Amino acid sequence: MPAAPTRTTVGIVGAGPAGLMLSHLLARADIDSVVVDNRTRAEIEATSRAGILEADNVRLLTGTGVSDRVLRDGVPHAGISLRFGGRSHRIDFEALVGEGVWLYPQTEVFVDLADARARDGADVRYGVSETQVVDLTGELPGILFTDADGRAREVRCDILVGADGSRGVCRSAVPEAARTHYFREYPYAWFGVLVEAPPSADELVYTHSERGFALISRRTDTVQRMYFQCDPGEDPADWPDERIWAELQARVSGTDGFALKEGPVVDRSVLPFRSFVCEPMRYGAMLLAGDAAHTVPPTGAKGLNLALADVRVLAEVVERAVTKRDLGLLDEYGPRALSRVWRTQHFSYWMTTMLHRAPGDTPFDVRRRIGELEGVVAPGAGSVRLAEGYTGTTAG
Ligand code: DHB
């Protein structure tokens, strides 16, 4: 026998940062929600994700009472280095746009949100299975699932939100004729490693070299995160530690003698890499947020920041629709969110194509790209544009 349906105002599929932040913001406006996720809390915590938070999103965490741990454990970064031609060029965000970013990995954002939702007694169901969304254009849309104890469950709501990531059930529940997909594939991917070594640089180093892109990021005093451009079909098993270090060192080497501090590689994987947008972001009473609606390539670390930007708009629009009892107001969400989505798509695409080598590059392409980089590191509009996009002070 299925249990009696749970009735709530907003049913949210996906307990990643987007789903939990939405549930948190709605609770502050006295709007109840239920959140379900196929993954257990431990599984979500074990996922490696990017590490950069825009200052606006730091303020969202601290200013809405999620947690101020980011101010203690996060590390403010006032700029980055762009490295090419064997030399580093600093882009000083603070000087250019008056604001930096924070190194605070997505996992920590999730932990803060999950703890805050638990502390506030929210209804968040992790580890469910067989999730389906139903009656999206009806009066009372629903989420059907099997809970972690194996019981069939049903949540009925006024508004349903799909925050269940790029391969979630929500977007695929929209009939194909009612959605348009825009995407761009790239002829490369990222090889990501976690290494046990001291930091090699104070700030992030985005490197363009003849061998391709490399990014030197950080985690702690003893563990670092690094990435390098690779073939999408690369098998991590073909990359022993020595080969990884030789490739990274070759990409960052230069006339200034910069070299990475090496140590054991404790995690290695090939990351998916594409640009994608699904429009519209609404179908009936269901709204899509974060990766359920769009994916950016990782260069510039915009995925989480864009998901949180969606949620800021979504919380405001849902609050108004619920207060005024007018679901027609939900129409405001997509166009408002999409203007930032496309500007950020452009920023991520720009950072990606400016810093990577593509297989069919002609000598013209190679030299043009160096010209572009020279223009960005020179004083003037190029560096301001990079700083604005990276910090999110404009959307890109
Ligand atoms: C990290 C990832 C990114 O894609 C990026 O642009 C910057 C930092 C990271 O994981 O630290």
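The values are calculated or read from the model by the stated rules, or taken from the named source; none is laboratory data. As the structure is a computational prediction, the values presented were derived from the model and not from experiment. All Cβ positions, even for glycine, are placed from backbone atoms using ideal geometry, and neighbour counts span all protein chains on display. Only protein heavy atoms, including side chains, enter the accessible area calculation; ligands, DNA and RNA are left aside. Shrake-Rupley method; radii C 1.70, N 1.55, O 1.52, S 1.80 Å.
Here is how the numbers come out for the structure above:
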{"quantity": "Any pair with Cβ under 7 angstrom, 6 or more apart, that starts in the stretch 121-145 at a residue that is within 15 Å of L287 (Cα to Cα) and ends at one that is open to solvent by 30 Å² or more (accessible area, probe 1.4 Å) and of a type in the set (F, W, Y)", "calculated": "L136/Y283"}
{"quantity": "For D221: the one exception among (1) open to solvent by 70 Å² or more (accessible area, probe 1.4 Å); (2) closer than 25 Å to L103 by Cβ; (3) more than 16 Å from the ligand (Cβ to nearest atom)", "calculated": "(3)"}
{"quantity": "Index of the failed condition, L136 passing every other in (1) more than 16 Å from the ligand (Cβ to nearest atom); (2) among the aliphatic types (A, V, I, L, M); (3) open to solvent by 30 Å² or more (accessible area, probe 1.4 Å)", "calculated": "(3)"}
{"quantity": "Residue check for Y333: of a type in the set (F, W, Y) and touching a helix residue (DSSP H, G or I) at 6+ places or on another chain (Cβ under 6 Å)", "calculated": "yes"}
{"quantity": "Total residues in the stretch 111-122, condition outside any helix (DSSP H, G or I) and open to solvent by 50 Å² or more (accessible area, probe 1.4 Å)", "calculated": "2"}
{"quantity": "Condition check for D365: within 15 Å of the ligand (Cβ to nearest atom), more than 19 Å from C157 (Cβ to Cβ) and either open to solvent by 60 Å² or more (accessible area, probe 1.4 Å) or not in a loop (DSSP other than H, G, I, E, B) (or both)", "calculated": "no"}
{"quantity": "In the stretch 36-57, the residues that are surrounded by fewer than 23 Cβ atoms within 10 Å (Cβ to Cβ), within 15 Å of the ligand (Cβ to nearest atom) and β-branched (V, I, T)", "calculated": "T47"}
{"quantity": "Residue match in the stretch 237-248 (condition: among the aromatic types (F, W, Y), away from the ligand (no atom under 15 Å from the Cβ) and either outside any loop (DSSP other than H, G, I, E, B) or touching a residue at least 12 places away in the same chain (Cβ under 8 Å) (or both))", "calculated": "yes"}
{"quantity": "Scope the stretch 300-332; condition over 19 Å from A29 (Cβ atoms) and within 16 Å of the ligand (Cβ to nearest atom); matching residues", "calculated": "G300, A301, K302, G303, L304, N305, L306, A307"}
{"quantity": "Some residue of the stretch 22-39 being farther than 16 Å from L304 by Cβ, at pLDDT below 95 and part of a loop (DSSP other than H, G, I, E, B)", "calculated": "no"}
{"quantity": "Options Y182, Y186: the member that is touching a residue at least 40 places away in the same chain (Cβ under 8 Å), open to solvent by 10 Å² or more (accessible area, probe 1.4 Å) and within 16 Å of the ligand (Cβ to nearest atom)", "calculated": "Y186"}
{"quantity": "Residue count for the stretch 70-86, restricted to those that are in contact (Cβ under 8 Å) with a residue 24 or more places away in the chain, farther than 16 Å from L204 by Cβ and open to solvent by 50 Å² or more (accessible area, probe 1.4 Å)", "calculated": "2"}
{"quantity": "One residue from A387, A381 being crowded, with 23+ Cβ neighbours inside 10 Å and among the aliphatic types (A, V, I, L, M)", "calculated": "A387"}
{"quantity": "Subset of the stretch 194-208 (residues that are open to solvent by 20 Å² or more (accessible area, probe 1.4 Å), of a type outside the set (A, V, I, L, M, F, W, C) and part of a strand (DSSP E or B))", "calculated": "E196"}
{"quantity": "Any chance L96 is in contact with a strand residue (DSSP E or B) (Cβ under 8 Å, 6 or more places away or on another chain), of a type in the set (A, V, I, L, M, F, W, C) and within 30 Å of V377 (Cα to Cα)", "calculated": "no"}
{"quantity": "Which listed residue is under 18 Å from the mean Cα position of the chain (by Cα), assigned to a helix (DSSP H, G or I) and surrounded by fewer than 24 Cβ atoms within 10 Å (Cβ to Cβ), from R340, R320", "calculated": "R340"}
{"quantity": "Per-region count, the stretch 1-21, residues in a strand (DSSP E or B) and open to solvent by less than 30 Å² (accessible area, probe 1.4 Å)", "calculated": "4"}
{"quantity": "G192 being within 16 Å of the ligand (Cβ to nearest atom), modelled with pLDDT of 95 or more and not hydrophobic (A, V, I, L, M, F, W, C)", "calculated": "yes"}
{"quantity": "Scan of the stretch 224-268 for residues that are open to solvent by less than 40 Å² (accessible area, probe 1.4 Å) and under 21 Å from the mean Cα position of the chain (by Cα), ordered by number", "calculated": "Q224, R225, M226, Y227, F228, Q229, C230"}
{"quantity": "Matching entry among R167, R151 (being under 21 Å from L20 (Cα atoms) and exposed (fewer than 15 other Cβ atoms within 10 Å of the Cβ))", "calculated": "R167"}
{"quantity": "Verdict on L288 being away from the ligand (no atom under 16 Å from the Cβ), modelled with pLDDT of 95 or more, among the aliphatic types (A, V, I, L, M) and open to solvent by 10 Å² or more (accessible area, probe 1.4 Å)", "calculated": "no"}
